[in-house]
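The values are calculated or read from the model by the stated rules, or taken from the named source; none is laboratory data. Remember, predicted model here, so these are calculated numbers, not experimental data. Cβ sites come from the backbone with ideal geometry, for glycine too, and all protein chains shown count toward neighbours.
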Amino acid sequence: MDQEPAIHMRFEGKSVLVTGAGTGFGSALAYRAAQEGARVGVHYNRSRQGAEATATRIEAIGRPASLFQADISSWDAVKAMAEAVFEEFGGLDVLVNNVGDVATEQMSWRDVNQEIIDRVIDVDIKGTMYMHHEFGTRMLDQGWGSIINVGSTVIVRGSPRAPQYAAGKYGVLGLTKSYANAFAPTVRVNAFAPGFMETDATLAREDWNTGRRERLIAATPAGRIPPPEDLAAAALFLATDDAAHMIGNYLIADGGYNMIGA
């Protein structure tokens, strides 16, 4: 019988805020940080029920969890959240900018409209920039910190389904490198780019259930599409002391899928 991989206490005594932690990869990241010893901030916008479920899981293993609500496409809302987080935690060690709008309802570039474009850009680019500005400023003032931006391998191949999503994630790459330069060496900024994951949202997509999943597995050397829990530890690595010399990196974990097109 295979043994469960060991969980190392890389965040004992540290505070970690994960945006979009009520669902999918964000929930997995928040729970993993708690498993590794962190005090966790669980951010959500509309998914309060999901955020409460994430917090309940964290508290069940004896770790504290705090809920924070904000629409990150609003600069005022982000500023208010930053003030609340730093007041409650007395500082912040790690920020994980996980929130991103992938326009899951869009099946083709032909389906795009201005509302979808604006929504994706407002969250993925503007919202991520607001988060860097407000949280990064406070981290610089406190004298330490690490920021992880969740990107996507879509920047390698583009997205014929949703071009605005690819543009948004290219924007996240630009923000990562820009703020990495601006904040170094006090605050390290890096990005983690997961490949396809079988989140609840992915499993519910029409294209995922009509052959796309099988095609992607066939093109992935690892031979599988993992659940988000399998990638959370790799993402959080970027905030550990072992990654102390990593600044402005874009770390990809996709089972080798994009290696084929390299």
Residue check: is Leu236 modelled with pLDDT of 85 or more and under 26 Å from Asp111 (Cα atoms)? no
Exclusive hit being in contact with a helix residue (DSSP H, G or I) (Cβ under 7 Å, 6 or more places away or on another chain) and either among the aliphatic types (A, V, I, L, M) or surrounded by fewer than 17 Cβ atoms within 10 Å (Cβ to Cβ) (or both), set Val123, Val112: Val112
Could you check, for the range 15-34, whether at least one of its residues is at pLDDT 95 or above, of a type in the set (D, E, K, R) and surrounded by 21 or more Cβ atoms within 10 Å (Cβ to Cβ)? yes
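Conditions tested, residue by residue: (1) within 30 Å of Gly13 (Cβ to Cβ); (2) in contact with a strand residue (DSSP E or B) (Cβ under 7 Å, 6 or more places away or on another chain); (3) not basic (Lys, Arg).
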position: Ile72; (1), (2), (3): yes, no, yes
position: Gly100; (1), (2), (3): yes, yes, yes
position: Val112; (1), (2), (3): no, no, yes
position: Val120; (1), (2), (3): no, no, yes
position: Ile125; (1), (2), (3): no, no, yes
position: Asp141; (1), (2), (3): yes, no, yes
position: Ile148; (1), (2), (3): yes, yes, yes
Do any residues in the range 71-83 that are without any contact (Cβ under 8 Å) to a residue 40 or more places away in the chain have Cβ atoms under 9 Å from those of residues that are part of a helix (DSSP H, G or I) and of a type in the set (Lys, Arg), where the two are at least six apart or on different chains, and which pairs are they? Glu83/Arg138
Anything in the range 199-254 that is in contact (Cβ under 8 Å) with a residue 12 or more places away in the chain, of a type in the set (S, T, N, Q) and out of contact with any helix residue (DSSP H, G or I) (no Cβ under 9 Å at 6 or more places or on another chain)? List them, or say none. Thr240
Hey, any hits in the range 51-74 for a residue that's aromatic (Phe, Trp, Tyr) and crowded, with 24+ Cβ neighbours inside 10 Å? no
Restricting attention to the range 150-163, which residues are of a type in the set (S, T, N, Q), surrounded by fewer than 23 Cβ atoms within 10 Å (Cβ to Cβ) and either within 24 Å of Arg10 (Cβ to Cβ) or free of Cβ contacts under 8 Å to residues at least 60 places away in the same chain (or both)? Ser159
With criteria (1) under 30 Å from Ala84 (Cβ atoms); (2) in contact with an Asp or Glu (Cβ under 8 Å, 6 or more places away or on another chain), Thr153 comes up short on (1)
